[in-house]
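The values are calculated or read from the model by the stated rules, or taken from the named source; none is laboratory data. The shown structure was predicted, so the numbers you read here are calculated from the model rather than taken from an experiment. For neighbour counting, all protein chains shown are included, and Cβ atoms are generated from backbone atoms with ideal geometry for every residue, glycine included. Surface areas here come from the heavy atoms of the whole protein model, side chains and all, with no ligands, DNA or RNA. Shrake-Rupley method; radii C 1.70, N 1.55, O 1.52, S 1.80 Å.
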Amino acid sequence: LPLLELYARMLTRRGAVAEALRLFKLAVSHAPDNASLRQQLGLRHQLLGQRGHAKICYQQALELASTHAEARFCLGQMLMMESECKNGLEEYESRFALEPVNWQETPFPRWQGEALAGRHLFIWCEQGLGDIIMFAGFLPYLLKQAGRITLRAPKKLLPILQRSFPQVALLPQTHAPMPEGFSCDFAMPLGDVLRHCLPHYRPAEHPAYVVPHPALAEEARQAL
């Protein structure tokens, strides 16, 4: 089974997802109580656009192992794709068990939706660059609520974030401890904007927020 799973993963990376699905079905038939195999089977269904089958596989994996973080994370994403945001966000919390990082823990209380007027909110990024840019769209809404916001983000995004959100204090994302003397009232991972802002945030109420570099934008216009 380990070799079969390894081969199926390799086929997935090469784009042969349908063949990988067949192999994971075979693996599950030989080890029906293996939660990880069922989760991997569900992921291949998902890659093929078979969301119903994927959801069933994730749920079966969790029936076998209720703390299986990867199955819980995948199920959360699936639920949010189907607009079941409330339940999906609960499962999305498992992302921290999947990719623990030594900078995710801060000595500050995690924001749980308390009033932010006159308070300092510290936000740290735990997603990739594309998700960070997407979730940054919630910053204008948060800026209206908080007295001050500090965002810790990857260094390569700092210039565009500085242009786009001059009111936000920025820190480079590193594995080093927080700067000496830094303090805030609340902290949160950037992904929490989905939990706290979606019921209230209305995109039409906020202007476009990504501000490009003027010279580079003009250079691109000329080239295109």
Would you kindly derive the ³J(HN,Hα) couplings of the stretch 171-177 from the backbone phi angles with the Karplus curve 6.51 cos²θ - 1.76 cosθ + 1.60 (θ = phi - 60°), listing them in order in whole Hz, with x for Gly and Pro? 10, x, 7, 9, 8, 6, x
Whole-Å distance, taken between Cα centres, linking the stretch 111-137 and the stretch 148-224: 9
At L26 and K155, where each label point lies 7 Å from the Cα along Cα→Cβ, what is the point-to-point distance in nanometres? 4.7
Starting from the Cα of N87, step 7 Å along the direction of its Cβ; do the same at H175; then give the gap between the two resulting points in nm. 3.8
Heavy-atom accessible area per residue, the chain, 1.4 Å probe: how many Å²? 56
Quick one: with all protein chains in place, what share of the accessible area of the stretch 70-224 is carbon or sulfur, to the nearest percent (1.4 Å probe)? 56
Please list 3J(HN,Hα) in residue order for the stretch 133-141, calculated via the Karplus relation 6.51 cos²θ - 1.76 cosθ + 1.60 where θ = phi - 60°; whole Hz, with x for glycine and proline. 5, 5, 5, 4, x, 8, 4, x, 5
Relative to the longest principal axis of the C-alpha atoms of the chain, give the angle of the C-alpha long axis of helix 35-47, reported between 0 and 90° and rounded to the nearest 10°. 70
Taking amide H positions as placed 1.01 Å from N in the peptide plane, with prolines and chain starts having none, which residues 5 or more places from L171, or on another chain, fall under 5 Å of its amide H? L151, R152, A153
For the stretch 106-166, which trypsin sites (Lys or Arg not before Pro) are in a loop by DSSP, counting at most 16 other Cβ atoms within 10 Å? R119
Between M10 and Q77, how many nm apart are label points set 7 Å from Cα along the C-beta direction? 2.4
Cβ-based charge dipole, the chain, positive-most Cα from A208, Q40, Q59: A208
Which of the following values of percent of Cα pairs over 33 Å apart was calculated from the structure shown: [x] 28; [y] 33; [z] 19? [y]
Tensor-based shape of the stretch 129-224 (alpha-carbon gyration tensor, a/c under 1.5 rounded, otherwise prolate or oblate): oblate
Quick query: amide H of E84 versus all other amide H atoms, modeled in the peptide plane; which residues come in under 5 Å with a sequence gap of 5 or more or a different chain? none
Candidate aspartates and glutamates - alpha carbon under 18 Å from K55, same-chain residues fewer than 8 apart omitted: D33, E63, E70, E82, E84, E90, E91, E93
Principal-axis tilt of helix 2-13 within the chain, Cα atoms, nearest 10 degrees: 50
Can you give the calculated 222 nm mean residue ellipticity of the chain, where each DSSP H run of n ≥ 4 adds -39,500 (n - 2.57) and the sum is split over every residue, rounded to the nearest 500 deg cm²/dmol? -14500 deg cm²/dmol
